[in-house]
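Read the structure below first, then the notes.
The values are calculated or read from the model by the stated rules, or taken from the named source; none is laboratory data. Note that the structure is predicted; figures quoted are calculated from it, not measured. All Cβ positions, glycine included, derive from the backbone under ideal geometry; neighbour counts span all protein chains shown.
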Amino acid sequence: MKIKDKVLIVEDEQSISNFISMVLNASGYDTIIVGSGEEALTMIASHCPDLIVLDLGLPDMDGMEVLKSVRKWSNLPVVVVSARNHEHDKVDALDYGADDYLVKPSCWPASAPPSAIPAPPWPTPRSPSPANSPPGT
């Protein structure tokens, strides 16, 4: 049995977190959903996800603070998915260490089937990274 990569979704809007989870599950990932920054920091430390999908508008703290905190001790990939569409928000998130920044709601069209979502720039469970490939491939 193959262990699936684990994605932590940090999003306080249930409809959005459920949609992101559905797309990722259909693409072969396990997901964990949390709705606050404090929960996110706890789950990152205890569950060691392979990727974080992070909203910036959280009820208890700004997602930028979560990002800054994570970057103090980890380099795991963080993709910001936020309604903030100002250029300075994108620049700040990338400067603080985000690996990518997607603006919602247009980041994934609600009508798009999971197969229509572009492949992520990191290795997926179905495509082994070069470090995990058998010799000679």
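Results, tabulated for the structure shown:
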item: Conditions (1) at pLDDT below 95; (2) in a helix (DSSP H, G or I): number failed by Pro105; result: (2)
item: Any hit, the stretch 17-26, residues being farther than 19 Å from Lys104 by Cα, in contact with a Pro (Cβ under 6 Å, 6 or more places away or on another chain) and either touching a residue at least 60 places away in the same chain (Cβ under 8 Å) or of a type outside the set (A, V, I, L, M, F, W, C) (or both); result: yes
item: Residue match in the stretch 42-62 (condition: of a type in the set (Gly, Ala, Ser), surrounded by 15 or more Cβ atoms within 10 Å (Cβ to Cβ) and assigned to a helix (DSSP H, G or I)); result: no
item: Residues within the stretch 63-89 that are free of Cβ contacts under 8 Å to residues at least 12 places away in the same chain and not in a loop (DSSP other than H, G, I, E, B), tallied; result: 2
item: Every pair of residues 6+ apart whose Cβ atoms lie under 7 Å, when the first sits in the stretch 93-104 and is at positive phi while the second is modelled with pLDDT of 95 or more and part of a strand (DSSP E or B); result: Gly97/Val78
item: Scope the stretch 26-41; condition assigned to a helix (DSSP H, G or I) and under 18 Å from Glu13 (Cβ atoms); matching residues; result: Gly37, Glu38, Glu39, Ala40
item: Within the stretch 60-74, considering residues that are more than 13 Å from Asp89 (Cβ to Cβ) and in contact with a helix residue (DSSP H, G or I) (Cβ under 8 Å, 6 or more places away or on another chain), the one modelled with the lowest pLDDT; result: Ser74
